[in-house]
Amino acid sequence: MEYVLKNLGFVCALGANHEDIVKNARIGDSHGMFTKKAIIDGRAVPFGYAPVPKKQELRMYDLIDSAINQIADDIELLKKTYAKNRIGIIIGSSNTGVHEAQNLIETAFQNNADLPNDVIQDLELGTPVEYICTKTGFCGPAFTVSTACSSSLKVFQSARQLIDNNICDAVLVGGVDARCDFALNGFNVLGALSATHTNPFSENRNGINLGEGAALFILEKGDNGIKLLGIGESSDAYHLTSPDPSGAGAIASMNFALQDANLEPKDIDFINMHGTGTTANDAMESLAINKLFGKDVLCASTKPLTGHTLGAAGAISMGLSWLMLKYNFVIPHIYDGHFADDCAEIRLACKEDSKEINRVLCNAFAFGGSNASLIMGK
């Protein structure tokens with residue numbers, strides 16, 4: 001059975017429409033990381049703000065609206081084609097309205113007041129799905145997956161299973177996460193937050209930049225368009241925050257995706273890496289890729305262009321890969337050019353690369369060893 005990723009609503013630091021995102025991604029333009037900085041612990045740090053104005057109580061809603069508006073015609077067509085209770089919604093997220101809830105809690109404590117009722121709803125992981133249900137009118141199965149940074153890659157497995165098991169005919173699937181000081185402070189305490197532009201796979205790398213965004217796809221059966229070819233998942237549970245340095249969990253998830261797609265490593269043209277810019281992740285991921293694919297497949301981390309969008313990271317990676325396949329370009333890897341001695345040899349894409357890309361593998365490796373890999377192709 002074949003599955004098509006029919007259309008994409010997408011917003012991130014690179015832009016709020018396909019044209020702007022493609023234009024900036026094609027040349028590796030990371031200006032969106034510096035249009036506005038986040039202030040954490042008294043220091044300004046780069047943050048990938050999406051160019052969407054603040055209109056609603058929850059920033060997450062603004063990001064969802066931007067993505068949904070881009071595929072509004074497709075949503076209406078779905079409602080004419082299928083019964084509304086046969087259209088599902090599965091979203092990956094990790095922060096939902098935590099930022100706004102934190103502000104409400106702090107204000108209540110400062111004023112010695114009761115917590116407002118909005119706090120609970122803001123914190124609930126189901127909030128983005130409920131909002132999308134209201135916006136679209138879809139009333140099939142709807143839920144959020146929250147496995148940290150792999151959340152919005154894992155949703156595609158769940159969405160495919162709903163269709164496989166004849167529960168849904170189509171699924172609106174993707175991820176969203178908005179600016180959240182709680183997350184920024186958390187990575188800062190871990191010593192993983194970089195005060196400068198993130199620098200994945202460099203000997204000078206010193207941590208991540210965060211970002212926000214939303215990417216929403218329509219998944220249906222079909223063979224006309226960009227296809228979801230294979231999905232792999234693993235759980236190595238090596239450490240609460242650090243990946244298994246042997247790369248075993250990452251290799252397993254990538255291998256499972258290849259097996260699911262009935263492909264071999266040589267069939268992959270491009271790997272959109274997790275590539276956070278932390279010492280442990282980059283060393284592990286480069287080793288895993290080198291062991292499985294060798295040193296010739298084109299690779300890039302797109303996080304220097306978007307920031308690490310946490311629960312939305314997998315879907316953001318998917319969105320950029322989908323655009324790369326649709327508009328025939330190669331996303332370059334942006335870093336300072338000093339490849340790290342502690343990383344295994346891999347081929348980082350540059351602006352001069354013009355190879356035709358037919359199949360892309362996307363990686364997302366989360367805390368606790370929750371790993372996911374997905375292959376899409378023309």
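Remarks
- Placing +1 on each Lys and Arg Cβ and -1 on each Asp and Glu Cβ, with no other charges, gives the range 88-180 a dipole about its Cα centre of roughly 380 debye.
- Shape descriptor for the range 126-213: Rg over Rh equals 1.10 (Cα atoms; Rh from the Kirkwood inverse mean 1/r).
- Spin-label pair I120-N17: with each label point 7 Å from Cα along the Cα-Cβ axis, the two points sit 4.2 nm from one another.
- Using a cutoff of 8 angstrom between alpha carbon atoms and counting only pairs six or more residues apart, the relative contact order for the chain works out to 24 percent.
- Local net charge near L115, Cβ-Cβ under 11 Å (Lys/Arg +1, Asp/Glu -1): -4
- Net charge in the neighbourhood of I208 (other residues with Cβ under 14 Å of its Cβ; Lys, Arg +1, Asp, Glu -1) is -2.
- Reduced Cα scattering model of the chain, Debye log10 I(q)/I(0), q = 0.10 Å⁻¹: -0.57
- Span from the the range 120-152 Cα centroid across to the the range 1-59 one, whole angstrom: 20 Å
- Per-q log10 I(q)/I(0), the range 1-58, q = 0.13, 0.17, 0.21 Å⁻¹ (Debye; single scatterer per alpha-carbon; no solvent): -0.47, -0.70, -0.89
- Normalised by 2.2 N^0.38 Å, where N counts its residues, the alpha-carbon radius of gyration of the range 200-264 equals 1.52.
- Counting only protein chain heavy atoms and rolling a 1.4 Å probe, the accessible areas of D65, D41, D20 rank, largest first, as D41, D20, D65.
- Relative contact order computed over the range 167-211 (Cα-Cα under 8 Å; 6+ residues apart), in percent: 31 percent
- In this Cβ point-charge picture (+1 for Lys and Arg, -1 for Asp and Glu), the chain has a dipole of about 660 debye about its Cα centre.
- In this structure the chain gives 39 Å² per residue of accessible area when probed at 1.4 Å with all protein chains present.
- Dipole of the chain computed with +1 at Lys/Arg Cβ and -1 at Asp/Glu Cβ about the Cα centre; of T276, G9, I346, farthest Cα towards the positive end is G9.
- Two-site FRET efficiency, E57 against N111, from Cβ-Cβ distance with R₀ of 22 Å, rounded to 0.05: 0.70
- Area of K326 that stays accessible when all protein chains are in place (1.4 Å probe, Å², to 10): 100 Å²
- Centre separation in Å (Cα based) which lies between the range 254-282 and the range 173-223: 18 Å
- Inter-label distance, R43 to N224: 5.4 nm, where each label sits 7 Å from its Cα along the C-beta direction.
- Local charge for N255 was computed over the other residues whose Cβ lies under 12 Å away, with Lys and Arg +1 and Asp and Glu -1, and equals -2.
- Percent accessible area from carbon and sulfur atoms, the chain, protein chains only, probe 1.4 Å: 48 percent
- The charge dipole of the range 170-285, taken about its Cα centre with unit charges on the Cβ atoms of Lys, Arg (+1), Asp and Glu (-1) only, comes to about 200 debye.
- Contact order relative to length of the range 246-303, as percent, for alpha carbon pairs under 8 angstrom and 6 or more apart: 47 percent
- Note on N358 and N255: the extension gain reaches 35.2 nm, defined as 0.36 nm multiplied by sequence separation minus the Cα-Cα distance.
- For the range 237-324, the C-alpha radius of gyration divided by 2.2 N^0.38 Å, with N the number of residues, is 1.07.
- Cα→Cβ-extended label distance, 7 Å offset, between L190 and L77, nm: 4.0 nm
- Which listed pairs, of K84/K326; K154/K295; K135/K355; K37/K295; K79/K355, have C-alpha distances above 31 Å, in listed order: K135/K355; K37/K295; K79/K355
The values are calculated or read from the model by the stated rules, or taken from the named source; none is laboratory data. As the structure is a prediction and not an experimental result, all values here were calculated from the model. With ideal geometry, Cβ positions are generated from the backbone for all residues, glycine too; neighbour counts draw on all protein chains shown. Please note that ligands, DNA and RNA were not included when accessible areas were found on the heavy atoms of the full protein model with its side chains. Shrake-Rupley method; radii C 1.70, N 1.55, O 1.52, S 1.80 Å.
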